[in-house]
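What follows is a single structure, and I will ask about it in a moment.
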Amino acid sequence: MSDTDSLLALEKQVQTAFESGTPLSISAGNSKSFLGTSSADTALNISGHRGVVSYHAEELVLTARAGTPLAELETLLAEKHQMLAFEPPHFGPGATLGGTIACGLSGPRAPYCGTARDFVLGTRILNGRGEYLRFGGEVMKNVAGYDVSRLMAGAFGTLGVLLEISLKVLPMPEQELTLAREASASEAIELMNSWAGQPIPLSATCHQDDRLTLRLSGPVAATSEAKRRLAGDQMEEISNDFWPKLREHTLAYFNTPKNLWRISLPSGTPPLALTGAWLTEWGGAQRWLRSDEDGARICQIVAKAGGHAQLFRAGSAATEAVGPPPLSEPMLAIHRRLKQAFDPAGILNPGRLFPQS
Amino acid sequence: MNLTAEKNCTWNPTAADRQHFLTELGQLLPADSVLSDPETLAPYECDGLSVYRRLPLAVVLPETVEQIQAIMRLCARLKVPVVARGAGTGLSGGALPLADGILLSLAKFTHILELNPLERWARVEPGVRNIAISEAVAAHGLYYAPDPSSQIACTIGGNVAENSGGVHCLKYGLTVHNILAIGIITAEGEHISIGGLAPNSPGYDLLALFTGSEGMLGIIIDVTVKLLPKPEYAQVLLAGFPSLGAAGTAVGRIIAQGIIPAGLEMMDQAATQAAEDFVHAGYPTDAVAILLCELDGVEAEVNAQTGTVREILESCGANHLQTAVDEAERMRLWAGRKAAFPAVGRISPDYYCMDGTIPRRHLAEVLERISRLSEKYSLPVVNVFHAGDGNLHPLILFDANREGELAQAEALGGEILEVCVEMGGTITGEHGVGIEKLNQMCVQFPEPELRQFHAVKNAFDANSILNPGKAVPTLHRCAEFGAMHIHRGKLPFPELERF
């Protein structure tokens, strides 16, 4: 597909919606539309606003329009041996850069390299008045004005329509090595945490079904030294393909009619007493639970452990809605005021991240 | 600069109002925690940007979170402006007091509250010094990565407020990348928690928004920082180049090769000479530019990368190349860079430090234009550069005792920052806008963006009592500045009245 700039059309559409108070549902590839619902009926389709604006490999900076397919960007970066280090999940062939940043999802490398927001350098957006605004830029260090660009990451389009995003990219590691061994859940959590406190080039960890899998990334000298220290020769070396499958939820674990919960916890939290099948990644901080246990009970037990739970994919027996966990009352008040500051008419993806009113 | 231009206008007290306010303040805090006579206020009249000085109505030094809440409730009720201050090492006047406001010092909040070596985080009070965190966790083989040059004095609360960087931030990130959570007292005195130990915090990324917000959105009362394992081994290379362009090319090639150095610093000849004269680091003073490149990791990895970097530096025309033979030499090579600012302080009565960031590919052109501006103003400029991330620190040399030279230095600095914006960069990489770069904010941001910033501020601080007048200029200020400063023949802010 060729690059297209539909700024003017999008700008006009948002301005018209602002004037008439028509809520808009922002979409492009629809790969992450399962994550929360907006009450808006009118679609604002970004997929026509696409193309790489600039890519300076020597400066580690890529700028592209929001509708650019993620796969296209990854191919372009790979040509220069670079990558999006937060390893974003696609969740479908239509995934775009805009949706990736708006949903703020990150993959297995996140705890070791950073999450989506960590790599955002600048954005061009339309706020809820249809004003075309530019925040941040294409430089690594920039403290002029509030960091509105990073605020857009994970805001699900509720503060502004993402039009263009500048990202920091990183070199691909010279070598990646995936090792696996047996470990109980509690042993795995302990190991993941203690390894992360040592100078080891860890780039992903996963535990499921008494099996601990880890990835080492870096110069050959570093990965082989780390393998030696971890007694890696006593571990099984498996294909690096494990990680894209984990990232895309195509491992057999995820193929289930049960509810899929994303449980976020302080990384060292021991295994929780909740029935279901667990998959633990991000050094223990992000855990998946396949379970038909009562949602309120899950949320309560997770909250008690200092974390939060979100129904990520609804199974056949789901009684609650998929979507972000609720906010406390004072936080909700701040969120509504901030939303009002960007989108006074409340037309951008209303209700997608928190109840509108 | 006209300091009264940004005066807060929500509270216009009479002498009796002031007295009444001080009395109420005195009821909230022990007597020695409220300073109000000019002698005791004097140490607080400026921060690290000492050319701007002003006494506040009072300085308060609370010791508990409850006291901060009580102070904020009182100030919210009377609409008294509040300027928060950590160690006062900021370089943009962000902690400059307001005449009819209070200065809220967090100097008594110096405790490390919690440390979890296994999960690798520490929760600390805002007045804890940056380096004290790394010292406290060193026994666990951990450290806190951001290392601003003022790290022995600056505090973590201020680091969050400014999103501080340091020489290692190319590889390890800025403050925003290295914190997990903060506790905030809002403008109304409410306590809220932002972020957390668990990832994927629900809702907006307020942690990112607060980082670098220069005390405009809330008072930071605790910070949970991420801790990283200390690198096992570090090596530094020093290269001298016959031109700035060649040094710039080398930086690009190292990164394109897939190597992210832990530090990558450039100095021009004048800076190199000043540093060499001061600390005798062994720098080649005949080089037009020098590069310092630090690599860290496990020893085998560092040795392999050192070889690659040497080849790149040679192929880019380095005519002086040395690798530190031991830790003492590595420290000596860094000592010159770290002492660059004081070294410049020895060769000039005063210097004014700028903080622009540019896309690195424009380095040679920007330095050329800085050199022309330096001639135009007849003021020497010395350049120190965080080369890896494009953050430029031109130091303008002047003598404040000479009539008009400070104003000339400021005007030159302003023009340098405008060059940075024109090249697609920014007016501040790590020092913040504060009061210093308000005019340049008008150059970097058009009116709709500035209005959006004000709307964000308003969402947290409707009465504008938190550090009012800093960081984001009023539209009127930009209109007045713009009237002197017409860009490409277009009058900015055409719809605003002109005075």
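Any idea what Rg and Dmax come out to for segment B:224-307 if you just take the C-alpha atoms, in Å?
14.6, 46
A further question follows. Can you give me the Rg/Rh ratio for segment A:142-279, using Cα atoms for both radii and the Kirkwood formula for Rh?
1.03
For segment B:375-446, report the translational diffusion coefficient in µm²/s to the nearest whole number, using Stokes-Einstein at 37 °C, 0.692 mPa s, and a Kirkwood Rh over Cα pairs.
Roughly 252 µm²/s, to the nearest whole number.
Moving on to the next point. Report, in degrees rounded to the nearest 10, the 0 to 90 angle that the Cα long axis of helix A:70-79 makes with the longest principal axis of chain A.
With both axes taken from Cα atoms, the answer is about 60 degrees.
Sticking with this one: Which one, B:ILE179, B:VAL124, B:VAL80, is farthest towards the positive end of the dipole of segment B:40-189 when Lys and Arg carry +1 and Asp and Glu -1 on their Cβ?
The one lying farthest along the dipole's positive direction is B:VAL80.
How long, wide and thick is segment B:182-225, going by the Cα atoms along their three principal axes, in whole angstroms, largest first?
27, 20, 19
Hey, what does the equivalent ellipsoid look like for chain B, semi-axes from the Cα gyration tensor as sqrt of 5 times each eigenvalue, largest first, whole Å? List each step's numbers first, then the result.
On the way: eigenvalues 292, 164, 82 Å².
Sorted largest first and rounded, they come to 38, 29, 20 Å.
Here is a further query. Between helix A:295-304 and chain A, what is the angle of the helix's C-alpha long axis to the longest principal axis, kept within 0 to 90° and rounded to the nearest 10?
70 degrees
Using only protein heavy atoms and a 1.4 Å probe, report how much of B:LEU103 is accessible, in Å² to the nearest 10.
Answer for B:LEU103: close to 0 Å² accessible.
Do me a favour and compute the ellipsoid semi-axes for segment A:18-135 from its Cα gyration tensor, root of five times each eigenvalue, largest one first, whole Å.
Its equivalent ellipsoid spans semi-axes of 26, 17, 13 Å.
Provide Rg over Rh for segment B:267-395; use the alpha carbon set for both Rg and the Kirkwood Rh (inverse mean inverse pair distance).
Ratio of gyration radius to Kirkwood radius for segment B:267-395: 0.98.
Right, something else. One quarter of the convex hull surface, Cα atoms only: what value does that give for segment B:348-413 in nm²?
Spelled out: convex hull of the Cα atoms, projected over all directions, averaged, 4.1 nm².
So for segment B:143-212, what percent of the C-alpha to C-alpha distances run longer than 20 Å?
Within segment B:143-212, distances greater than 20 Å cover 32 percent of Cα pairs.
Moving to a separate point now. Number of Lys pairs in chain B with C-alpha atoms less than 25 angstrom apart, excluding same-chain neighbours closer than eight positions?
Within chain B, the lysine pair count is 21.
Starting from a Cα-only point model with no solvent, please compute log10 I(q)/I(0) by Debye for segment B:1-130 at q = 0.09, 0.14, 0.16, 0.22 1/Å.
With no solvent term, the Cα-only Debye profile gives -0.29, -0.65, -0.82, -1.37.
Expressed as a fraction of 2.2 N^0.38 Å, the rule-of-thumb size for a compact globular protein of N residues, what is the C-alpha radius of gyration of segment A:79-225?
In units of the globular-protein estimate, segment A:79-225 measures up at 1.23.
Continuing with the same structure: Per 20 Å bin, what is the whole-percent P(r) computed from every C-alpha pair distance within chain A?
For chain A, the pair-distance distribution reads 29, 57, 14, 0.
Mind giving me the nanometre distance, one decimal, between the label points for A:ALA277 and B:GLN257, set 7 Å out from Cα along Cα→Cβ?
It works out to 4.7 nm between the two label points.
Seen from all sides and averaged, what is the projected area of the convex hull of the Cα atoms in segment A:254-323, in nm²?
Working: hull surface 16.5 nm².
So the mean shadow area of the Cα hull is 4.1 nm².
No solvent, one uniform scatterer per C-alpha: report log10 I(q)/I(0) for the protein assembly as shown via the Debye equation at q = 0.07 1/Å, two decimals.
Calculated log10 I(q)/I(0) at the listed q: -0.53.
Over the Cα atoms of segment B:128-256, compute the convex hull volume and normalise it per residue, giving Å³.
Working: hull volume 20.3 nm³, N = 129.
Cα convex hull per residue, to the nearest whole number: 157 Å³.
Take chain A, connect every pair of alpha-carbon atoms lying under 10 Å apart with a spring to form a Gaussian network, then pick out the residue of A:SER239, A:SER38, A:SER328 with the largest mean-square fluctuation.
Highest fluctuation among the options: A:SER328.
Give the cross-link partners of A:LYS258 among the lysines, using a straight C-alpha distance below 20 Å as the criterion and excluding same-chain residues fewer than 8 apart.
Hits, sequence-local ones excluded: A:LYS32, A:LYS245.
Additional query: Going by alpha carbons, how many degrees (0 to 90, nearest 10) lie between the helix axis of B:405-422 and the longest principal axis of chain B?
70 degrees
Could I ask something else about it? Identify which of A:ALA40, A:ALA64, A:ALA144 has the largest mean-square fluctuation in a Gaussian network model of chain A, with springs joining Cα atoms closer than 10 Å.
Evaluated over chain A, the most mobile residue of the options is A:ALA144.
The values are calculated or read from the model by the stated rules, or taken from the named source; none is laboratory data. All figures in this text were calculated on a predicted structure; none of them were measured in a lab. Counting neighbours? That spans all protein chains shown, and the Cβs are built from the backbone with ideal geometry, glycine included. Ligands, DNA and RNA are stripped out before the accessible areas are found, and what is left, the full protein with its side chains, is counted by its heavy atoms. Shrake-Rupley method; radii C 1.70, N 1.55, O 1.52, S 1.80 Å.
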